[in-house]
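**Q** Have a look at the structure that comes next, please.
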Amino acid sequence: MFYRKLWSQTENGFLSGYTCGRYLRSTVHLDENTLKPLSVSPNGRQLISSVSLCHCKKTHKVSPRQRSRGSFGYYSFSSPVPGGCLEPSDKDGIGKNSTSAYYKSEEYDITEAKVDSFPSPDGTNEAILVGGDMQEAVPLWQDFPKRWVIVLLCFAAFLLCNMDRVNMSIAILPMSKEFNWNSATVGLIQSSFFWGYLLTQILGGIWADKIGGKLVLGFGVVWWSVATVLTPIAARFGLPFLLIMRAFMGIGEGVAMPAMNNLLSKWIPVSERSRSLALVYSGMYLGSVIGLAFSPILINKFGWPSVFYSFGSLGSIWFALWLRKAYSSPKEDPELSKEEKKIIMGGSISREPVTVIPWRLILSKAPVWALIISHFCHNWGTFILLTWMPTYYNQVLKFNLTESGLLCVLPWLTMAAFANVGGWIADTLVSKGLSVTTVRKIMQSIGFLGPAFFLTQLIHVKTPAMAVLCMACSQGSDAFSQSGLYSNHQDIGPRYAGVLLGLSNTAGVLAGVFGTAATGYILQRGSWNDVFKVSVALYIIGTLVWNLFSTGEKVLD
């Protein structure tokens, strides 16, 4: 901490000020009669912590730490009896026997500042903040943009979402030994999650658009966290109870993506849309990495139930933060600054929540069907790569199960990194004036043609190292879809962003279910090359549909 003295000479004395902090860069010169600022030295930011009058007799401390930005205000100090340094100025309407020091500051930061004043006629000393747009200081982390607090909380929710989802793929091995499940039963348990997941995709979007994303996403996290914790108990009661509990977990996770999309459509301006969504979805990928990495450790040390108890309990911590910090829209947040609200709203008129879903209008729009078809084509290849790759590594590349498990993490890490790279690229292009429609088409074309190209190369590679490299590149380019079709729901219909994502993601989940089953059927009668050819064909179809019918303009109001 350092201090620097500012002073202005008057006829009978002088007015002095002490400035302190890290950002002191300017000096204010005050009029000797009115004490109003005459000039400010052009050294950058202004930082004024306090003003004191000469011939002080007592010292007062200003506390606690205070901070103000871009505000006008003044301090009023009791003036001395006649004959002191400054003449009384009650004509300004501030108060009898008081002197005003006006200043303009962009920022000031004081931890402990001295204000020296004269005794007033009644024997008291005062240092009073009379007016201006002044605010008590807050820790620096509270200056973090509120819209990005919402994004980070959604990121954490999706991190937990996939942690709770993938733990079963590890825990199913010791569970099947304990309960004597055959492969058919294991497949039934794994698929039971999608029963509930499919059920709430569209419903979650409707609820989010009508009652707000905060309530729906909060409900989803609590619901699936409770279902995760109850999974070991349900398994010990019997297979039917376990199937029901896994379906319940799918119900909770099914509302997450539509609710998140609704939230970000209200909180994030279009110039930040791609990178905010990319960050949230990268939470899913990192959640899979963490789940796959820590589940074996917990199972080896504490048994398979520990995975469900530990992962599921994390939802309570997230929910406590969510209730305290999250709001469904900027206009509901009492702590949101006017400056940030202006950035978020962008001059747009805030609309009331949706009461009726115009299904006929929605389904009559070609860009909506472009979303649905493209989501199906995209997820076909994605789900195949993420669910069948351990088998591919084992059968074709001859890796053992341990090495295969480690390599399963690589696509998730690649997708997490490239999703954020693509998000920043897309937002940069939009900020430089490129149309949203063009940006969405470019990014999604990369998300389709990139995986298609690397899968065609995978057919020809001969070494395991090159095969793994092609797989990683395929998934890395696939992640550009977060800035393409996954961002487009908010472009074409921000009021119905939840419903639109529910519709397209339902098609995406169906692609995962049918694609996974079809891959097994193809492998019984053909080869891995045939599996990859089907995926490439769907990627090309998706590219054509997307570039012909998609748009970045609003088509639903």
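The values are calculated or read from the model by the stated rules, or taken from the named source; none is laboratory data. What you see is a predicted model, and the numbers here were worked out from it, not measured in a lab. Glycine also receives a Cβ, built like all others from the backbone with ideal geometry; neighbour counts cover every protein chain displayed. The accessibility values were calculated without ligands, DNA or RNA, using every heavy atom of the protein model including side chains. Shrake-Rupley method; radii C 1.70, N 1.55, O 1.52, S 1.80 Å.
**Q** Under a point spin-label approximation (7 Å from Cα along Cα-to-Cβ), what is the Val186-Tyr309 distance to one decimal in nm?
**A** Each label point is offset 7 Å from its Cα along the Cβ direction, giving 2.5 nm.
**Q** Spin-label point model (7 Å from Cα, Cβ direction): what's the Phe514 to Met466 distance in nm?
**A** Reported label-point gap for Phe514 and Met466 is 3.5 nm.
**Q** Taking 0.36 nm per residue of separation and subtracting the Cα-Cα distance, what length does fully extending Lys338 through Val222 add?
**A** That pair, Lys338 and Val222, stretches by 38.5 nm at full extension.
**Q** If I model a spin label at Phe179 and Met345 as a point 7 Å from the Cα along the Cα→Cβ vector, what separation in nanometres do I get?
**A** Spacing of the two 7 Å Cα→Cβ label points: 5.3 nm.
**Q** Can you list the residues of segment 201-245 with backbone N under 18 Å from a point 7 Å past the Cα of Lys331, pointing along Cα to Cβ?
**A** Backbone N within reach: 208-215.
**Q** Taking the Cα centre of segment 261-353 as the origin, how large is its charge dipole in debye, to the nearest 20, when only Lys and Arg (+1) and Asp and Glu (-1) carry charge on their Cβ atoms?
**A** For segment 261-353, the charge dipole is close to 60 debye.
**Q** Same structure again: For Lys342, Lys462, what's the largest-to-smallest order of accessible area, 1.4 Å probe? Could you put the intermediate results ahead of the total?
**A** Numbers: Lys342 155, Lys462 185 Å².
Largest accessible area first, the list is Lys462, Lys342.
**Q** Could I ask something else about it? Based on the Cβ-Cβ distance from Ile297 to Lys398, what FRET efficiency comes out when R0 is 22 Å, to the nearest 0.05? It would help to have the intermediate numbers written out before the result.
**A** Numbers: r = 26 Å, r/R0 = 1.20.
Computed FRET efficiency for Ile297 and Lys398: 0.25.
**Q** Here is a follow-up. Would you mind calculating the gained length between Leu152 and Val356 on full extension (0.36 nm times residue separation, minus the Cα-Cα distance), in nm to one decimal?
**A** Additional length available on full extension: 70.4 nm.
**Q** So, one more: Could you order Tyr309, Tyr327 by accessible surface area, starting with the largest, using a probe radius of 1.4 Å?
**A** Values: Tyr309 105, Tyr327 50 Å².
Largest accessible area first, the list is Tyr309, Tyr327.
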